[in-house]
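A.B. asks: The structure follows.
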Amino acid sequence: MPDSVRIQTDPGSAAVGEYLASMLSALGMSAAANDSGDFRLHLGGSQPAEGYLLRVSESGVELEAGSEAGLFWGIQSIRQLLKKDGEHWSLPQTRIEDYPRFSYRGAMLDVARHFFSVADVKRYIDDIVLLKLNVLHLHLTDDQGWRIEIEGWPNLTEHGASTQVGGGGGGYYTQGDYREIVAYAASRFVTVVPEIDLPGHTNAALASYPELNCDDKAPALYEGIEVGFSSLCVDKKLTYKFLEDVLGQVATLTPGPWLHIGGDEAHSTPEADYLKFIARASKIAASTGKTVVGWHEMGKSAELPTGTVGQYWSYTTPREDAAERARQFLASGGKLILSPANAIYLDMKYEESSPLGLNWADGPTSVRRSYEWEPLEVVPGAAEGDLLGIEAPLWTETITSISEIETMAFPRIASAAQIAWSSKTRPEFAEFTEQLRNLGSVLEREGIKFERAAGISWH
Ligand code: ACM
């Protein structure tokens, strides 16, 4: 490939053409728009949603798709295929016609246990699009910190955002920061799903406003890693005014269709209160016009708004009570996002001796385990059409920097991406590790950290 390349676009492919140009420039090539291109990008193909057709031959690179997103994913394939041959960049001759199995291909980042800057979140977005993931779920609130500015409730951020696990201060996103993240994600065909975790995991909010507590006494801020000790006060009117303000503002700031309200591990909310709360909170969330999402525990409620999406976080070996909760979402006309903790939770150690991460959920989680599971075997009774997609959450109790985020995510997040994108007949693990070795070279080139002690013999 010459050092100076021409990119030919049509009106529909001009924006992604600019993205391609900046990607090539970052590799040291100079790229200019031209009407006889080395790269020819065409919007208007007949590929299925997000699908693309990429042809690399002696006459250049042709990419076509029926949507801009499809073109963008095709460019990510180019990003993966580019290799330095001596002094010059090259692409192997190929023909790839591809489209995703699931429309929801997610990563979740817990910005509550530790806070991460806008720049870190943008970087993680650039990391995950390499693997054609298209959703970033932000876990914005938890016991250890409240991370999003809410007008009319200034103490949430003045006080509730000042801590994180282990101390050292916290942080939060102003509404402007959050908009900036959402816009950056959208420019990369990524939808942001905000989560306000309710009614448990709320110590930071309860510490910020005494009146949200049943006894009007604010607890101390919390910097440990226990779960399940906090609960909003289910019978207080103010609790629901709080929800209307928070969920209303977060929904307004979020162009995407989903609003996540948590619902997990509410161990200090009595069962009857939990059911009362979920019925009411999910109704408030739905009244914003968004599709409500909740962790599978919310399936205890038979009063979920129609279409509520359940996020299953139990294990790949079906756990009957969790599976039953999950099926309740299907009975309510919703779908499922699968995040089986023992296969796809990126906070899990790779092996016992890994310096980073936690060891629970039948852990540790090797790369092989992250790859060898099948979505249709997770929740018995859930068919292909019941699955919205899959998501790889990264909880950050022990994770404090973007380098550590990347090290926990890569290479296992590539397993999640492969499972989310490919048809049920995927390559055997041995063949997949060959793909990972090539991915390792791309990560190296881009300065994306990854776990080298993951049992892969990297190039
Ligand atoms: C969760 O892991 N508590 C969703």
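Any read-out appearing in this document is the output of simple, stated calculations on the displayed coordinates, not a laboratory observation. Model, not experiment: these values are computed from the prediction. Don't worry about glycine lacking a Cβ; one is built from the backbone with ideal geometry, like all the others, and counts go over all protein chains shown.
A.B. asks: If you average the alpha carbon positions of the stretch 298-365 and of the stretch 52-124, how far apart do those two centres end up, in angstrom?
C.D. replies: Using only Cα atoms, the two centres lie 28 Å from each other.
A.B. asks: DSSP beta bridges in the stretch 5-75, what fraction antiparallel, as a percent rounded to 5?
C.D. replies: 40 percent
A.B. asks: Pairing the Cα long axis of helix 412-421 with the longest principal axis of the chain, what angle in degrees results, from 0 to 90 and rounded to the nearest 10?
C.D. replies: The answer is roughly 80 degrees.
A.B. asks: With the cut-off at 24 Å, report for the stretch 200-306 the share of all Cα pairs above it, as a whole percent.
C.D. replies: Numbers: 1228 of 5671 pairs.
For the stretch 200-306, the share of Cα pairs beyond 24 Å comes to 22 percent.
A.B. asks: Quick one: if you stick a label point 7 Å off each Cα along the C-beta vector at GLU58 and GLN80, how many nm between them?
C.D. replies: Label-label distance for GLU58 and GLN80, simple model: 2.8 nm.
A.B. asks: Through the Karplus equation 6.51 cos²θ - 1.76 cosθ + 1.60, θ set to phi - 60°, convert the phi angles of the stretch 164-169 into ³J(HN,Hα) values in whole Hz; use x for Gly and Pro.
C.D. replies: For the stretch 164-169, the Karplus-derived couplings read 7, 4, x, x, x, x Hz, x marking Gly and Pro.
A.B. asks: Next question. Could you work out how much longer the chain between ALA186 and ASN438 gets when fully extended? Use 0.36 nm per residue separation minus the Cα distance between them, nm to one decimal. Intermediate results must be reported in sequence, preceding the final value.
C.D. replies: Values: separation 252, 0.36 × 252 = 90.72 nm, distance 2.77 nm.
Value of the extension gain: 88.0 nm.
A.B. asks: Looking at the chain, send over the antiparallel percent of its DSSP beta bridges, to the nearest 5.
C.D. replies: 25 percent
A.B. asks: Still on this structure, I have one more. Using the Cα centre of the chain as the reference point, and only Cβ charges (+1 on K/R, -1 on D/E), how large is the resulting charge dipole? Debye, rounded to the nearest 20.
C.D. replies: 580 debye
A.B. asks: Do any trypsin sites (Lys or Arg not before Pro) in the stretch 226-281 lie in a loop, going by DSSP, with at most 16 other beta-carbon atoms within 10 Å of their beta carbon, and if so which?
C.D. replies: Sparse-neighbourhood loop trypsin sites (Lys or Arg not before Pro): LYS236.
A.B. asks: In degrees, nearest 10, range 0 to 90: what is the angle between the Cα axis of helix 68-81 and the longest Cα principal axis of the chain?
C.D. replies: 70 degrees
A.B. asks: Between ASP216 and LYS241, what length comes free when the chain is fully extended (0.36 nm per residue of separation minus the Cα-Cα distance, one decimal in nm)?
C.D. replies: Extra length available between ASP216 and LYS241 comes to 7.4 nm.
A.B. asks: Right, something else. Among the lysines, select those whose C-alpha is under 23 Å from the C-alpha of LYS349, and discard any that sit fewer than 8 residues away in the same chain.
C.D. replies: LYS449
A.B. asks: Continuing with the same structure: When the helix-only estimate is applied to the chain (DSSP H runs of n ≥ 4, each -39,500 (n - 2.57), divided by the residue count), what is the mean residue ellipticity at 222 nm, nearest 500 deg cm²/dmol?
C.D. replies: About -10000 deg cm²/dmol.
A.B. asks: Sticking with this one: Please go through the stretch 1-75 and write out the GluC sites (Glu not before Pro) that DSSP classes as loop and that have at most 16 other C-beta atoms within 10 Å. List each step's numbers first, then the result.
C.D. replies: Details: sites: GLU18, GLU50, GLU58, GLU62, GLU64, GLU68; in loops: GLU50, GLU58.
Listed in order of number, the matching sites are GLU58.
A.B. asks: Just how far, in whole angstrom, is the stretch 387-459 from the stretch 142-220 if you go by their alpha carbon centroids?
C.D. replies: One Cα centre to the other: 29 Å.
A.B. asks: Give me the number: length gained by fully extending VAL118 to ALA26, i.e. 0.36 nm times residue separation minus the C-alpha to C-alpha distance, one decimal in nm.
C.D. replies: Gain on stretching VAL118 to ALA26: 31.0 nm.
A.B. asks: Which lysines have a Cα lying under 16 Å from the Cα of LYS132, excluding residues fewer than 8 positions away in the same chain?
C.D. replies: LYS122
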